[in-house]
Each structure stands twice: as structure tokens, then as C-alpha cells.
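Data block below; observations after.
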Amino acid sequence: MDVTIINDLLEERNMSFKELSDILHVDRNNLYNSLTKGNPTLQRLESIAEVVGVPVWRLFTEYTKPEVYG
């Protein structure tokens, strides 16, 4: 899993990875390793998505807001 997307979402919300791990009651290193080297559970992904306020699919996809013309 690309943790860069999660880091970008956290940065947009002025939140650190450490703060995320604290909210989830998970050791920062364990959380990072489960996302980069392991296979995070759907429950873990749902929890992360809830904290950052996005749907789960957004954790896997870069998203650019469409430009509004007019």
C-alpha cells in the first residue's frame, strides 16, 4: 500500500502519522509496517478513512478535484 496517499491526506488536515496512530490506539511503527509491509485489515482501513474523513477507496487513489470553470 502506498502510505504517501495517507500522509498527503493527513498533511491536508494538519495531522501527523503519530496523531493518527494515537487516535487508532496503535503503535506508530506497527501501523506503518502493517500499511507498507503487511496486509492491513479492512477494519483498519475503515478506521483510517473515518479519521481523515474520506471513503476507503480514497486511501488507494490519488484524487485531484476537478477544476470549475465559469
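Couple of notes before you dig in:
- Taken per residue, the accessible surface of the chain reaches 71 Å², heavy atoms only and a 1.4 Å probe.
- With the gyration tensor restricted to C-alpha atoms of the chain, the semi-axes of the equivalent ellipsoid amount to 23, 13, 11 Å, longest first.
- Maximal additional length on extending the residue 11-residue 67 stretch stands at 18.0 nm, based on 0.36 nm per residue less the C-alpha distance.
- Computed extension gain for residue 60 through residue 4, at 0.36 nm per residue and net of the alpha carbon distance, reaches 19.2 nm.
- A DSSP coil position with no more than 10 other Cβ atoms inside 10 Å describes the following trypsin sites (Lys or Arg not before Pro) in region 1-47: 37.
- Accessible area of the chain belonging to carbon and sulfur atoms, whole % at 1.4 Å probe: 48 percent
- Residue range of the chain that is longest and free of chymotrypsin sites (Phe, Trp or Tyr not before Pro) which are both DSSP loop and sparsely packed (at most 15 other C-beta within 10 Å): 1-59
The values are calculated or read from the model by the stated rules, or taken from the named source; none is laboratory data. Since the model is a prediction, treat every value here as computed from it, not as a measurement. Quick reminder, even Gly has a Cβ in these numbers, built from the backbone with ideal geometry, and neighbours come from all protein chains shown. Heavy atoms of the whole protein, side chains included, go into the accessibility calculation; ligands, DNA and RNA do not. Shrake-Rupley method; radii C 1.70, N 1.55, O 1.52, S 1.80 Å.
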